[in-house]
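Single-structure report; data block below.
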Amino acid sequence: MTRLSEENAENLIRESLEHLATRAPDGAEIREALDQRRRSRPTMALALVAAAVAIIALGVPLGMRAFTAVPPASRVNADWAVLPYKPGWLPDGFKENRRAAKPYPAPQTRSWSAGELGHVELTSTPLAKGAEPWKIAPAPNQIIVHGRVGMVSEVHGDAMMLTWSPDDVYLLSMTLYFMKDPRGIGQRIADEMVKDDRARVSGELRFGRLPDDLELSGVSTFLTTGGGATDLEATRAGQPTAAAVVTASLRRDRPEVDGAEPVPLKVRGADGYYLPKRDGRLGPQDETVAVRLTGDQWLIVSGKRDKATLLDIADGVQLIPGDYSWFGKPPE
């Protein structure tokens with residue numbers, strides 16, 4: 001397979017964005033989104049993921065129901081916590097270990113792992129309007145999935161990404177890590193991709209009080225050594241695809257103190273502690289409030305806000321029943 005250079009990938013993505021932007025609600029915002037790429041992933045991976053993410057990074061503030069809802073006229077799921085696609089086939093040993101979602105029209109993600117055999121991550125991105133087959137990649141880098149043209153590219157040497165539209169509503173981006181014959185396996189997974197519309201991202205937390213300038217921007221459920229965990233993210237209002245300002249987490253693993261001296265603090269009426277902003281072996285860490293709840297659960301609230309604000313958020317977080325029944329299972 002011909003390896004795409006970073007420059008070529010950028011050009012292909014930009015050409016695709018120009019084409020798709022003519023049919024999107026606001027092409028200027030879409031093109032601007034590509035230039036505002038963030039995150040700390042390697043540049044090549046970021047450029048390729050931008051094809052799936054930047055075209056829909058418009059972001060609109062939404063009211064929260066189960067988690068939130070999109071306008072009734074939308075052709076995608078009314079609830080952004082519902083995952084639209086799943087593999088109908090994966091190699092033996094692959095089991096699901098993560099689900100994450102952000103408000104429409106941001107992407108939803110789920111992943112499966114088989115240890116040393118590799119890892120598969122699937123991102124579903126709703127398109128603003130009906131999609132046309134992709135023809136932006138040179139022939140050696142094109143894939144055909146049920147008659148639709150997509151793109152295949154190497155990602156920083158140890159992964160391969162396949163991107164295609166299975167219908168006129170979604171763009172799928174699938175990355176295969178550390179796998180033998182990733183293109184062949186990826187093609188088969190893509191060929192056997194099926195609609196889901198039943199799987200949900202349903203964790204054990206919900207924000208209660210948030211500062212007026214913040215709103216829910218994402219929920220993630222994943223497997224840790226201690227069991228299931230939930231992360232909630234809040235960003236500045238109207239910027240759901242921006243970096244999280246505050247994160248609330250519920251997990252079974254004791255949070256890392258990372259060299260800081262915990263300051264005793266009452267959290268939700270129990271003995272918790274506060275950690276100041278710090279640099280440790282895990283890198284820069286935001287201010288943090290943590291408390292052990294009943295059993296082995298820990299509530300951790302951290303972010304770029306002061307102690308009083310983080311404490312108020314932690315005191316207002318709601319604990320709700322979550323669904324971790326899908327952990328460690330192949331696609332059903």
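None of the figures in this text is laboratory data; all of them are computed from the coordinates on show. Computed from a predicted model, the values in this text were never measured in an experiment. Positions of Cβ are backbone-derived with ideal geometry, glycine not excepted, and every protein chain shown enters the neighbour counts.
For K266, the lysines whose Cα comes closer than 18 Å to its Cα, not counting residues fewer than 8 places off in the same chain, are K307. Counting 0.36 nm for each residue step from K195 to L282 and taking away their Cα separation leaves a gain of 27.5 nm. Fewest neighbouring Cβ atoms within 10 Å first, the residues D286, D279 line up as D279, D286.
Among residues other than V245 with Cβ under 9 Å from its Cβ, the summed charge is +1 (Lys and Arg +1, Asp and Glu -1). Close amide H pairs (under 5 Å, H built 1.01 Å from N) link V245 with A234, T235, R236, residues at least 5 positions away or on another chain. Under the simplified labelling scheme, the V263-D168 pair shows an inter-label distance of 5.8 nm, with each label point 7 Å from Cα along Cα→Cβ. Amide hydrogen proximity for L171: with H placed 1.01 Å from N in the peptide plane, the residues at 5 or more positions away or on another chain lying under 5 Å are T125, L127.
Beyond 30 Å between alpha-carbons counts as too far, so tell me which of K180/K329; K86/K304; K102/K277; K95/K195 fall in that bin. Pairs exceeding 30 Å: K86/K304. Computed 3J(HN,Hα) for the range 137-144, one whole-Hz value per residue from the Karplus formula 6.51 cos²θ - 1.76 cosθ + 1.60 where θ = phi - 60°, is 9, x, 3, x, 9, 9, 10, 10, glycine and proline marked x. Simple spin-label estimate for L223 and D158 gives 2.0 nm between the two label positions (7 Å along the Cα-to-Cβ direction from each Cα).
Please give the peptides 309-315, 152-158 ranked by average Cβ packing (other Cβ atoms within 10 Å per residue), highest first, as a rough proxy for protection. Walk me through the numbers on the way to the answer.
On the way: 309-315: 20.6, 152-158: 17.3.
The most tightly packed comes first, giving 309-315, 152-158.
Put a plus charge on the Cβ of each Lys and Arg, a minus charge on the Cβ of each Asp and Glu, and nothing anywhere else: the dipole of the range 205-319 about its Cα centre is then about 160 debye. Local charge for F327 was computed over the other residues whose Cβ lies under 11 Å away, with Lys and Arg +1 and Asp and Glu -1, and equals +2.
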